[in-house]
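Please read the structure below before turning to the comments.
The values are calculated or read from the model by the stated rules, or taken from the named source; none is laboratory data. None of these values were measured; they are calculated from a predicted model. In this analysis, Cβ positions are derived from the backbone assuming ideal geometry, glycine residues included, and neighbour counts consider all displayed protein chains.
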Amino acid sequence: MDDGIVTPRVCSVARTLEVIGEKWSLLALREVFFGVRRFDAIQRNTGAPRDILSVRLRKLVAEGLLERRQYQERPARFEYRLTPAGRELQPVLLTLMQWGDRHLAHGAPPTTFRHRCGADLEPVLTCQACGEPVRSREVSVASGADAVGDGERGRGSPAGAWPVA
């Protein structure tokens, strides 16, 4: 019997978006990755309204992505630093930037990064086991509810494969 209740897929992407899936949160993280640590500079560089930025930074601290450190006593002033969990988001921000550069930039990218080898950075997701680049058609769901399927082959996934249009 269909009672009209929709149960969303349990997913790490959805849980992650609960923490960082809002524009001002991602832009605040971008600034801290760039070495900008003080509220006023983060606010200026993102254009975020002060009250909203304050809430987003508090959430990022509460979720363990940033830590707040006092750098001045009178008046009390604080800066934001990445935690190890926050630093793990660097590849996410780099690939988001790369996608935006490819699909949304008009002309040259506004920011580029250089790897220590001297080349401009082009982030590539690779398999840790074999070192090969990850391609959508070569990935399948190996565990979790979607690996087994629920009568819809993993809610839309053909036999557990990562669907590609």
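Condition test on residue 100, is it at positive phi and at pLDDT below 95? No; evaluated as a whole, the condition is false for this residue.
Got a sec? Which of 35, 64 is part of a loop (DSSP other than H, G, I, E, B), at pLDDT 95 or above and in contact with a Ser or Thr (Cβ under 7 Å, 6 or more places away or on another chain)?
Values: 35 fails: in contact with a Ser or Thr (Cβ under 7 Å, 6 or more places away or on another chain).
Just a single option satisfies the conditions, and that option is 64.
For the range 25-64, give me each residue that is free of Cβ contacts under 8 Å to residues at least 12 places away in the same chain, basic (Lys, Arg) and in contact with a helix residue (DSSP H, G or I) (Cβ under 7 Å, 6 or more places away or on another chain). Scanning the range 25-64 gives a single hit, 50.
Against the definition (closer than 18 Å to residue 93 by Cβ and not in a helix (DSSP H, G or I)), how does residue 4 come out, yes or no?
Criteria not met by residue 4.
Checked against the criterion of being of a type in the set (Lys, Arg) and outside any loop (DSSP other than H, G, I, E, B), the candidates 102, 74 yield just one match: 102.
Can you say whether residue 55 is under 10 Å from residue 80 (Cα atoms) and either out of contact with any Ser or Thr (no Cβ under 8 Å at 6 or more places or on another chain) or surrounded by fewer than 19 Cβ atoms within 10 Å (Cβ to Cβ) (or both), as far as the supplied structure shows? It is false that residue 55 is under 10 Å from residue 80 (Cα atoms) and either out of contact with any Ser or Thr (no Cβ under 8 Å at 6 or more places or on another chain) or surrounded by fewer than 19 Cβ atoms within 10 Å (Cβ to Cβ) (or both).
Applying the selection to the range 80-134, what residues are surrounded by 10 or more Cβ atoms within 10 Å (Cβ to Cβ), free of Cβ contacts under 8 Å to residues at least 12 places away in the same chain and small (Gly, Ala, Ser)? Correct list: 100, 105.
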